[in-house]
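Everything below concerns the one structure shown next.
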Amino acid sequence: MKRKLTKVFCFFSLFSFLFPLSLLAVRIDQGRFILQMAERESHRAIITVENPTQREVTVEVYLEDFIYIEPYDGSKSFFSPGSRNTSLSEWVTFSPRQFTLPAYGRRKVTLSVRPNQSFDTTHSGVIFFETPVGEVGQEGAGISLKTRVGSLIFVEPKIKKKEAVFSQIEGSRNQIVGKFVNSGNSLITADGTFYLLDRQGMLKERGSLQSLYMLPGDQTSLSLPLPDGLPSGDYTMVVNFDLKEGEVLVKEIDFSLQPSGRISILGVKD
């Protein structure tokens, strides 16, 4: 029996041009919405969809739930709408749901958001714009290829808490490890930096950490590696997490490095 499979390639704003198939995807002018709302409030937005190709395309518009996943570098996992407690499926409406774009054409899609209940944590979803790009293989038994581009939607409560915790800090071989948790009720995009001081206060190393994208309750293990060839002795590592909107998390970690590479934590201060 012949069977046709469908393969969907997903793209988000800044990463669209890293893959050739993205050149066949439609473009949108809004890659993310972060809204602070209360129950029964309404917000209306317009997303402009553009066809950058010389062929006519059909665009299907739909909503999905999503979460960020390890290593929280922006990687996502998607679910059918209404799958999660923090879904936007009953709060978001949009029109039209399907349309055709001529070569190099544009179309506006209206998006409406209205929370229908009280809430105290961030709800999230993504509105996708999907287009078919062709088929690979024999007719009736090939793979149907589609591309989609998405706009992320975050609805945060009016009383927003942008908070994080970096705890359970321990020494490992040539690195310090700890657990980073989004302990607030809003989206966190955390940019981390660190610098390393010796006992005399001299700078020995500085650097940046991977940016983190985390929804409320998300947690991950972070590693702070030491530079190669660092002599044994006592040091202080200062770690800064910029949580945005004026919120910063700072940790000062005093530790002792043994010749074997083993690290003993001497103290941690905020």
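Points worth noting:
- Selected residue [part of a loop (DSSP other than H, G, I, E, B) and modelled with pLDDT of 95 or more] from GLY184, GLY201, GLY192: GLY184
- Test: residue in the stretch 115-128 that is in the same structural domain as SER80 (by TED's automatic domain parsing), more than 17 Å from the chain's Cα centre (by Cα) and surrounded by 15 or more Cβ atoms within 10 Å (Cβ to Cβ): yes
- Candidates ASP242, ASP234, ASP218, filtered to the one that is over 21 Å from LYS161 (Cα atoms), acidic (Asp, Glu) and touching a residue at least 12 places away in the same chain (Cβ under 8 Å): ASP234
- Restricting attention to the stretch 54-70, the residues that are farther than 18 Å from GLY150 by Cα and at pLDDT below 95 total 3.
- Residue within the stretch 215-223 that is farther than 14 Å from GLU170 by Cβ and not in a loop (DSSP other than H, G, I, E, B) present: yes
- Of everything listed in (1) within 21 Å of the chain's Cα centre (by Cα); (2) among the basic types (Lys, Arg); (3) in the same structural domain as LEU257 (by TED's automatic domain parsing), the single unmet condition for ARG173 is (1).
- Selection count, the stretch 184-208, where residues are small (Gly, Ala, Ser) and crowded, with 18+ Cβ neighbours inside 10 Å: 4
- Of the listed requirements (1) closer than 30 Å to GLN117 by Cα; (2) without any contact (Cβ under 8 Å) to a residue 60 or more places away in the chain, GLY267 misses just one: (1).
- The requirement of being in a strand (DSSP E or B), surrounded by fewer than 12 Cβ atoms within 10 Å (Cβ to Cβ), assigned by TED's automatic domain parsing to the domain that holds TYR68 and touching a residue at least 12 places away in the same chain (Cβ under 8 Å) is not satisfied by THR131.
- Filtering GLY125, GLY150 for residues that are part of a strand (DSSP E or B) and either in contact with a helix residue (DSSP H, G or I) (Cβ under 7 Å, 6 or more places away or on another chain) or closer than 28 Å to GLN54 by Cβ (or both) leaves a single hit, GLY150.
- Summed over the stretch 155-175, residues that are over 15 Å from VAL250 (Cβ atoms) and assigned to a strand (DSSP E or B) total 8.
- Selected residue (criterion: surrounded by the most Cβ atoms within 10 Å (Cβ to Cβ)) from residues of the stretch 91-107 that are over 22 Å from the mean Cα position of the chain (by Cα) and over 14 Å from THR58 (Cα atoms): PHE94
- Looking only at the stretch 209-238, and only at residues there that are under 17 Å from ILE188 (Cα atoms) and among the hydrophobic types (A, V, I, L, M, F, W, C), the one that is surrounded by the fewest Cβ atoms within 10 Å (Cβ to Cβ): LEU209
- Any hit, the stretch 142-149, residues being at pLDDT 95 or above, crowded, with 19+ Cβ neighbours inside 10 Å and within 22 Å of the chain's Cα centre (by Cα): no
- Among the criteria (1) farther than 30 Å from LEU152 by Cβ; (2) of a type in the set (A, V, I, L, M); (3) modelled with pLDDT under 95, the one MET237 does not fulfil is (3).
The values are calculated or read from the model by the stated rules, or taken from the named source; none is laboratory data. Remember, it's a predicted structure, so these values are computed and weren't measured experimentally. All Cβ positions, even for glycine, are placed from backbone atoms using ideal geometry, and neighbour counts span all protein chains on display.
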